[in-house]
Amino acid sequence: DRYRSGPPPALTSEAYAQAFNDVKTLGQPDLDAERNAIAQFWLVEGGTTREPGTWIQALVAIVEQMRTDRSLSDTARIFARVGMAIADGVAASWETKATFFTWRPVFAIREADLDSNPDTEADPFWAPRNISIGASPEWTSGLSTFSGAASSVIEAFYFPHRVSFCFATDPA
């Protein structure tokens, strides 16, 4: 309970309507090449490394590019810390998901006529940019939780140096 995120905004709230409309607009397929590339980068479906594994792939690149791999103890330390942070993030995210059990954006948008919010409009044919509707409750975002945990540990480990890195995800 200590690490559970707070509840999502109420379906009838202005905050929910704003987030709903942002996702409805920005999350749908369009001609924006940058948004499409970002969605493709993070599209990690079954049979791939999935989101936590993507951060381990990134860490491999970071360790090489920052030359941390010259020290076995530093390499082991950063991998252990990032792995533990991601594991803790998984536990916190899934505990929150199980507590609040909220619908995924695709269903929220297709069935907005059921949310009692006058500022949301149903689109029964809406589809997400990444094609995946997801299989777990939406609140909280697992990807955001894992990414926040991993990136915070990486930033703290390499502080005060700037970390830039390049790698390719499975689908990208």
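A short reminder: the numbers here are calculations on the coordinates, not readings from a lab. Nothing here was measured: the structure is a model prediction, and the numbers come from that model. Cβ: placed from backbone, ideal geometry, glycine included. Neighbour counts: every protein chain shown.
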Inset, instruction - Would you kindly give the portion of the calculated P(r) for the chain that falls above 22 Å, as a percent of all Cα pairs? - result: 53
Inset, instruction - Can you tell me the 0 to 90 degree angle between the C-alpha axis of helix 14-26 and the longest principal axis of the chain, rounded to 10? - result: 70
Legend entry - Diffusion constant of the stretch 58-115 at 37 °C, which comes from Stokes-Einstein with the Kirkwood Cα-pair radius and 0.692 mPa s, µm²/s: 227
Inset, instruction - Just add up the charged neighbours of ARG2: K/R +1, D/E -1, any other residue whose Cβ is under 12 Å from the Cβ of ARG2. - result: -2
Legend entry - Cβ-based charge dipole, the chain, positive-most Cα from THR120, VAL106, VAL153: VAL153
Inset, instruction - Provide the per-residue ³J(HN,Hα) series for the stretch 148-163, in order, calculated from phi with Karplus coefficients 6.51, -1.76, 1.60 and θ = phi - 60°, each as a whole number of Hz, with x at glycine and proline positions. - result: x, 5, 5, 5, 5, 5, 4, 4, 5, 5, 9, 4, x, 6, 7, 10
Legend entry - Computed log₁₀ I(q)/I(0) - Debye formula, equal Cα scatterers, no solvent, the stretch 1-78, q 0.23 Å⁻¹: -1.04
Legend entry - Estimated D of the stretch 97-172 in µm² per second, where Rh is the Kirkwood radius over Cα pairs and Stokes-Einstein applies at 20 °C, 1.002 mPa s: 138
Legend entry - Net dipole in debye of the stretch 1-157 [+1 Lys, Arg Cβ; -1 Asp, Glu Cβ; about Cα centre; nearest 20]: 680
